[in-house]
Amino acid sequence: MLRIHFTGNDLAGVRTAARPDVLWETILSFHRLRDRRGPVVYGEWRSETRMRLGGETRLLAALVPSRGYFPDFLTPAEGVHGLDEGLQAIRATDAGRLRGELSLLAADRSGARTVPHSLRALADGGAEPFDRLVGVLRSYHRAAVEPYWPHIRARVEADRARRGRALLDGGAEELLASLPPMLRWRAPVLEADYPVDRDVHLDGRGLLLQPSYFCRGTPVVLRDPGLPPVLVYPVTHGEAPTVRSPGGSSLAKLVGQTRSAVLHAIGDGGTTSELARRAGVSLASASQHAGVLREAGLIATLRNGNAVLHTLTPLGAALLGGAQRTVDLRCYAGNYARNGPFTS
């Protein structure tokens with residue numbers, strides 16, 4: 001079990017990440033690629049990603065085991081600003097920290113703190129091994145994450161809107177209580193299902209909540225207690241990520257492809273700008289379609305200064321939920337037949 005201990009200052013310092021973190025999504029997606037769980041959400045993504053992966057993944061497999069510890073330096077805080085910024089931060093990792101975390105990885109795997117031969121060049125801190133690592137991460141991200149980024153971003157933004165409403169309704173404690181079921185707020189401790197027994201004392205530093213599309217089952221925290229505290233947790237999943245448009249869905253046939261995309265984009269709430277970005281339409285188009293959906297009683301709109309927040313009404317949620325069940329059943333049937341083994 002994981003126990004995160006809060007003080008009053010820590011509650012005041014709880015915040016939700018503004019956007020998905022590209023490196024957390026990249027590393028955690030590598031976990032999802034190698035397991036068979038979650039076929040409805042990840043099955044089709046696995047099949048498509050395996051077909052695109054033509055480069056080397058052995059180095060990534062050596063650094064990110066199927067379960068257990070992977071080095072903290074792979075997920076620097078700069079990853080929330082984009083891939084280039086995150087990779088630059090990885091490249092700037094201090095040599096002492098690098099050797100220490102690779103030794104921890106070796107100890108978790110074999111009980112010995114000797115860095116394995118496959119990672120020794122990286123542990124020595126040379127420029128060429130880092131160039132190779134950065135290249136592997138970039139090429140893997142291009143195949144596994146980049147094509148699905150709009151969908152990943154939409155799910156994370158929807159989760160963020162849900163947490164924001166909880167914070168407005170009841171403060172930080174309500175926000176912590178609103179987290180997914182594997183996380184349980186029992187003041188002043190946040191408990192979580194976890195593969196090992198661990199206590200994290202925030203000591204007044206607050207906590208960054210990072211929703212993640214590719215996190216599954218249990219949350220993830222950094223191993224090093226000296227790093228800024230972050231809790232990565234799974235978003236609530238709807239449709240599976242896809243590079244195709246939703247135009248073939250039954251909902252699209254009913255209300256039109258673009259209007260269906262806008263309704264899907266609302267999720268747990270969003271401004272007009274967020275709807276436009278998630279649905280891939282212009283701001284004017286998003287505003288127009290939101291107006292039609294509002295007149296039909298499918299969404300509600302609340303104005304806050306110059307911005308408006310759109311949310312689903314019970315009727316809109318029911319319509320979206322009925323269409324989603326159809327999509328999920330199709331995905332499950334197709335993925336059950338297509339999934340095959342992956343070898344790195």
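The values are calculated or read from the model by the stated rules, or taken from the named source; none is laboratory data. Everything numeric in this text was worked out from a predicted model, so none of it was measured. Cβ atoms come from the backbone with ideal geometry, glycine included; neighbour counts cover every protein chain shown. Surface accessibility is based on the protein's heavy atoms, side chains included, excluding ligands, DNA and RNA. Shrake-Rupley method; radii C 1.70, N 1.55, O 1.52, S 1.80 Å.
In region 274-295, the residue that is farthest from Tyr148 (Cα to Cα) out of those that are open to solvent by 60 Å² or more (accessible area, probe 1.4 Å) and part of a loop (DSSP other than H, G, I, E, B) is Ser282.
Residue-by-condition table, conditions (1) in contact with a Lys or Arg (Cβ under 8 Å, 6 or more places away or on another chain); (2) of a type in the set (A, V, I, L, M, F, W, C):
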| position | (1), (2) |
| --- | --- |
| Leu168 | no, yes |
| Arg184 | no, no |
| Leu190 | yes, yes |
| Asp197 | no, no |
| Arg205 | no, no |
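Scoring Tyr148 on the criteria (1) within 16 Å of the chain's Cα centre (by Cα); (2) assigned to a loop (DSSP other than H, G, I, E, B); (3) among the hydroxyl-bearing types (Ser, Thr, Tyr) leaves a single failure, condition (2). Just to be sure before I move on: is Ala127 of a type in the set (A, V, I, L, M), farther than 22 Å from Leu209 by Cβ and either out of contact with any Gly (no Cβ under 7 Å at 6 or more places or on another chain) or open to solvent by less than 10 Å² (accessible area, probe 1.4 Å) (or both) in the structure I sent? Yes.
For Arg184, the conditions (1) in contact (Cβ under 8 Å) with a residue 24 or more places away in the chain; (2) more than 19 Å from the chain's Cα centre (by Cα); (3) in a strand (DSSP E or B); (4) surrounded by fewer than 19 Cβ atoms within 10 Å (Cβ to Cβ) are fulfilled apart from (1).
Residues of region 169-176 include at least one that is touching a residue at least 12 places away in the same chain (Cβ under 8 Å) and either crowded, with 21+ Cβ neighbours inside 10 Å or within 25 Å of Arg46 (Cβ to Cβ) (or both). Which pairs have Cβ atoms under 8 Å, sit 6 or more apart or on different chains, and link a residue in region 118-133 that is of a type in the set (Phe, Trp, Tyr) and at pLDDT 80 or above to one that is crowded, with 17+ Cβ neighbours inside 10 Å and part of a helix (DSSP H, G or I)? Every condition considered, the pairs that remain are Phe130/Ile90; Phe130/Leu122.
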